[in-house]
Amino acid sequence: MTEDDRKAFDEIFDLVGEMTIMPGGKDLGRMKKVLFFGLMEYPLDRIIEAAKSHCRVNKFFPMLADIIVQIEGSFEDRAALAWSLVMKAKRKYRRNKTLRFPSPAIHYAIECMGGWEHLYWSIDDANESFKSKEFFRFYRLGEKSATWENVKPYFLSDQEAYALKHGKEIVPEIYEVESGKVLCALP
């Protein structure tokens, strides 16, 4: 969102102010300024949808955290989605493709659990629930500290890991787990 969106943003939150109860002593103009500043990283259409969702289930004017949770989901929502991507990668790609997950927090959690190869082989029907809880714990830490600068940017396939281990030059095709697209082949 940019300053160009300010008028539309203010109009939406004027309506939200009419549909909800303002906490005692709070000024709508000041609340809109706080929300605008705090939500600038999100696109206006996502903010509008979040405001509508908030008004459907809450009678009070939204705080910044309320709108962010509506946009991003709760931690449990994000962690469950991340775990579903790990399980998708296990079923669809196995160890045959070099993989990149959409978030460094996922990479962080996988690394904390021993890396992709170890995690892949350690998950079975009997312990999937336990492994998901362990993943959630590390994912929470990853959301706080992981960046693409401090985690592995991708996990090598078995064939590429073997070739690299034996001194061969490799140019892996990196598959984006979420979309299945090939991101790039590194030099």
**Spherically averaged projected area in nm², based on the convex hull that wraps the Cα atoms of segment 1-94** = 7.3 nm²
**Asked** For segment 97-157, what class follows from the C-alpha gyration tensor (a ≥ b ≥ c being the square roots of its eigenvalues): rounded when a/c is under 1.5, otherwise prolate if a/b is larger than b/c, else oblate?
**Response** oblate
**Request:** Pop out the Kirkwood hydrodynamic radius of the chain from its pairwise C-alpha distances, inverse of mean 1/r, in Å to one decimal.
**Result:** 19.2 Å
**Complete:** Sorting 75, 101 on solvent-accessible surface, 1.4 Å probe, most exposed first, gives 75, 101
**Complete:** With all protein chains present and a 1.4 Å probe, the order of 118, 107 from largest accessible area down is 118, 107
**Complete:** With residue 168 itself left out, Lys, Arg at +1 and Asp, Glu at -1 over residues whose Cβ is under 15 Å from its Cβ give -2
**Message:** Which residue fluctuates most in the GNM of the chain (Cα springs below 10 Å): 66, 14, 27?
**Reply:** 27
**Item:** Net charge over other residues, Cβ less than 13 angstrom from the Cβ of residue 81 (K, R count +1; D, E count -1)
**Value:** -3
**Request:** Could you work out which residue, out of 51, 79, 109, moves most in a Gaussian network model of the chain, that is, has the largest mean-square fluctuation with Cα springs under 10 Å?
**Result:** 51
**Antiparallel content of DSSP bridges confined to the chain, in %, to 5** = 50 percent
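The values are calculated or read from the model by the stated rules, or taken from the named source; none is laboratory data. Just so it is clear, the structure is predicted and the values come from calculations on it, not from any experiment. All Cβ positions, glycine included, derive from the backbone under ideal geometry; neighbour counts span all protein chains shown. Each accessible area value is taken on the protein alone, full model and side chains, heavy atoms only, with ligands, DNA and RNA left out. Shrake-Rupley method; radii C 1.70, N 1.55, O 1.52, S 1.80 Å.
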